[in-house]
1. Per residue of region 39-52, in order, report the coupling 6.51 cos²θ - 1.76 cosθ + 1.60 (Karplus, θ = phi - 60°) as ³J(HN,Hα) in whole Hz, putting x for Gly and Pro.
2. Report ³J(HN,Hα) in whole Hz for each residue of region 187-195, in order, from the Karplus equation J = 6.51 cos²θ - 1.76 cosθ + 1.60 where θ = phi - 60°; Gly and Pro get x.
3. Have a look at SER32, SER104, SER133 and tell me which one the Gaussian network model of the chain (Cα, springs below 10 Å) gives the largest fluctuation.
4. Fully extended, how many nm does the chain gain between ASP151 and GLU117 (0.36 nm per residue separation, minus their Cα-Cα distance)?
5. Scan the chain and hand back the longest stretch that contains none of the chymotrypsin sites (Phe, Trp or Tyr not before Pro) lying in DSSP loops with at most 12 other Cβ atoms within 10 Å.
6. Between GLU82 and GLU231, what FRET efficiency follows from the Cβ-Cβ distance if R0 is 35 Å, with the result rounded to 0.05?
7. Kindly report, to the nearest 10 Å², the accessible surface of LYS198 as traced by a 1.4 Å probe over protein heavy atoms only.
8. What accessible area per residue comes out for the chain, rounded to a whole number of Å², with a 1.4 Å probe?
Amino acid sequence: MSDPLEIDVITIFPGMLRGFLEESMLGRAAASGLAVFRTIDLRDFTEDVHRTTDDRPYGGGPGMVMKPEPLFKAVESVRRPESRVVLMTPQGEPFGQRRAESLSRERHLIFVCGHYEGVDERVRESLVTDEISIGDYVLTNGALAAAVVVDAVVRLVPGVLGGEGATEDESFSEGLLEYPQYTRPASFRGMDVPGILKSGNHAEVDRWRREQAAERTRSRRPDLITKRTEESKDDEGG
Ligand code: ADE
């Protein structure tokens, strides 16, 4: 078996993540040795009795800023030459399936969870390799955002989902939303499963699904169609 994907999450709220990392798919990934999760309490890297991780901003203004010393020490306690150091921040690059795929091929990810008004700029300049946002809204701290990214990344590690290829056919892997799915019963409260899905004609089923996925994406997420067209142009351009 290949080396596990190792993930360290640095936060002042390690308790927020523990349950999440132990349950369900992530718990199984860890139990089967495909991933290793560690939560690191940033306060363990402070030196004052109050275990201070933040301070007032130079230049004044509201809010607090995360101090550089504990963050540098915490990262340096686990960093290796191949590590990626990912800062969770609303100012980061928007997270998407492409990024999830590339992070799932890494060996070691260190997530730095910000909170308060932000982190000292020197952390961003010389400690962090990636900055990721999970959407255009502000959370109270980055631990929840890191959990979202960890979940999306770890499920792509080969072997985690069991059935090989289970992720190839799903939303976003093709840049489209998923087609409608049905299971038994064939008729439920007067609503019937489309006949074509029961026809046994695989070619027709595939065609129907492709059409449905395209139509759903056109009506709900036209931005994805534009993005897909641009990406295929980029690919042709080399
Ligand atoms: N921390 C606070 N809000 C965030 C967001 N939208 N994405 C990533 N980290 C965050």
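The values are calculated or read from the model by the stated rules, or taken from the named source; none is laboratory data. Worth saying up front: this structure is predicted, and the values here are computed from it rather than measured. Reconstructed Cβ throughout: ideal geometry from the backbone, glycine too, with neighbour counts over all protein chains shown. We work out accessible area using only protein heavy atoms, side chains counted, and drop any ligands, DNA or RNA first. Shrake-Rupley method; radii C 1.70, N 1.55, O 1.52, S 1.80 Å.
1. Computed from phi, the couplings for region 39-52 are 9, 10, 7, 4, 5, 5, 10, 9, 10, 9, 5, 7, 6, 6 Hz.
2. 10, 9, 6, x, 9, 9, 5, x, x
3. SER32
4. 9.7 nm
5. Value returned for the longest uninterrupted segment is 138-238.
6. In this case the efficiency is close to 0.80.
7. Around 120 Å² of this residue is reachable by solvent.
8. 60
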